[in-house]
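To keep things clear, I will list the structure first and then write my remarks on it.
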Amino acid sequence: VRIDVVFGAVAAPASEFAGRVVAVIDVLRASTSIAAALANGARAVVPLESSDAVVMRAKAFERADVLLAGERKTKPIPGFDLGNSPREFTRPVVEGKTVLLTTTNGTPAIVNTPGARDVVIASYVNYTAVLAMLRAALRGGADITIVCAGRDRLFALEDAGCAGRFVYNVTKRLGDVALNDAAQACALIDRKYGDQLMRLFEASEHGRLLCESGFAEDLEECAAIDSYPVIPLYQDRQITKLGPERER
Ligand code: MLT
C-alpha cells in the first residue's frame, strides 16, 4: 500500500485517483468550512467550480432551502448569502440547508478526483475522525492520495503540514507503507510545527493574506483540532457526512 501527496487542485494525473481513497485538504479555509457546515446540520454541501455554476444550481431548489456561498480572493462573492469563513457556517444559519459552495482552490480540488473509490474532505477540525477512516482504508489494502488544494493551485504550507500529520500518524505502527517524496516532505513540515498550528498558519502566505484581509480570527477556528468531528464524503456531486443517517 502507498500514500501519495499531490499539490494543486487539478494538477494530478487520473492514475493518482483511480480506485484510491482520496483525502482533499484545504485547511485555509474550504475544508474547514465544509466540516463546520456539516457538523452544524447542513443537509449537504455541493462543491462547484464557478459562481455561475452556483447560481445555475440554485435554480433547482426552493430559495429557502439553499445557501449560496463562496469566495474569490478570500472575499465573499457579491449577492451570495455567505463567504468562505468557517465562522459563518453556524447552526442557526445552515441547519437543514443545502450549501452551494465555490472557492478558488478547495472546490476544484474536490470535484477533480476522477475514479476515486472514496473522497473525504480533511482538515485539522475533523482530524481524528478522518485519520481513523484513512487508517482503516490502508489496513484494508487501499492506496491513499492526499490532495493539497494549495494556493493559486500550487504548494501551500498549511495544507502540506496537515497532510504530513496524516502521513505521520496513518503510517505509525503500520510497516511497509510506500510514500512519495511529497508525502515525506509533508511529514517533515508537520514535525517542524507540531501542535503549533498558529505558527504554521502565520508562516504561510495564505495565512498572512487572510490576516491582511481581516480574517485573522478564522485562523484560530481552522487551528481548533477536532472541533468539528465529522467525516465529509463527496459522492454523487455532493458532500454529506458519514454518520448514522448514512452508513456505508
Ligand atoms: C480556497 O479554496 O482557495 C480557499 O478556501 C480560499 C479561502 O477562502 O481562504
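Only the coordinates and a few stated rules stand behind these numbers; no lab work does. Since we're looking at a predicted model, the values are computed, not measured. Glycine gets a Cβ as well: all are built from the backbone with ideal geometry, and neighbour counts include every protein chain shown.
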Likely footprinting exposure, 135, 191, fewest C-beta neighbours within 10 Å first: 191, 135
Prolate/oblate/rounded call for region 110-240, Cα gyration tensor, a/c under 1.5 rounded: prolate
Alpha-carbon Rg/Rh ratio, for region 65-115, with Rh computed the Kirkwood way: 1.00
Ranked 134, 100, criterion: other C-beta atoms within 10 Å, fewest first: 134, 100
Label-to-label distance, nm, for residues given as residue 61 and residue 226 (7 Å Cα→Cβ offset): 3.1
Gyration tensor (alpha-carbon) shape descriptor, region 185-232, a/c threshold 1.5: oblate
If the convex hull is drawn through the Cα atoms of region 1-142, its volume per residue in Å³: 111
For peptides 25-36, 200-211, 105-116, 73-84, sequence by mean Cβ density within 10 Å, most packed first: 25-36, 105-116, 200-211, 73-84
Projected area averaged over orientations for region 85-175, convex hull of C-alpha atoms, nm²: 7.2
Charge sum, other residues only, whose C-beta stays under 15 Å from residue 217's C-beta, Lys/Arg counted +1 and Asp/Glu -1: -3
Cβ-based exposure ranking for 231, 121, in which fewest neighbours within 10 Å come first: 231, 121
Per-peptide average of other Cβ atoms within 10 Å, ordering 42-48, 2-8, 177-183 highest first: 42-48, 2-8, 177-183
Estimated 222 nm signal from helices in the chain, with DSSP H stretches of n ≥ 4 weighted -39500 (n - 2.57), rounded to 500: -10500 deg cm²/dmol
Two-decimal log10 I(q)/I(0) for region 38-95, as the Debye equation yields it once each C-alpha is a single scatterer, q = 0.20, 0.26, 0.30 Å⁻¹: -0.76, -1.26, -1.47
Computed over the chain, the ratio Rg/Rh where both radii use C-alpha atoms and Rh is Kirkwood: 0.94
Entries in 73/172; 97/172; 73/192 that, when Cα-Cα distance is taken, lie over 31 Å: 73/172; 97/172
Net charge, residue 20 excluded, C-beta distance under 11 Å - Lys, Arg +1, Asp, Glu -1: -2
Distance from region 79-133 to region 23-68 (C-alpha centre basis), Å: 7
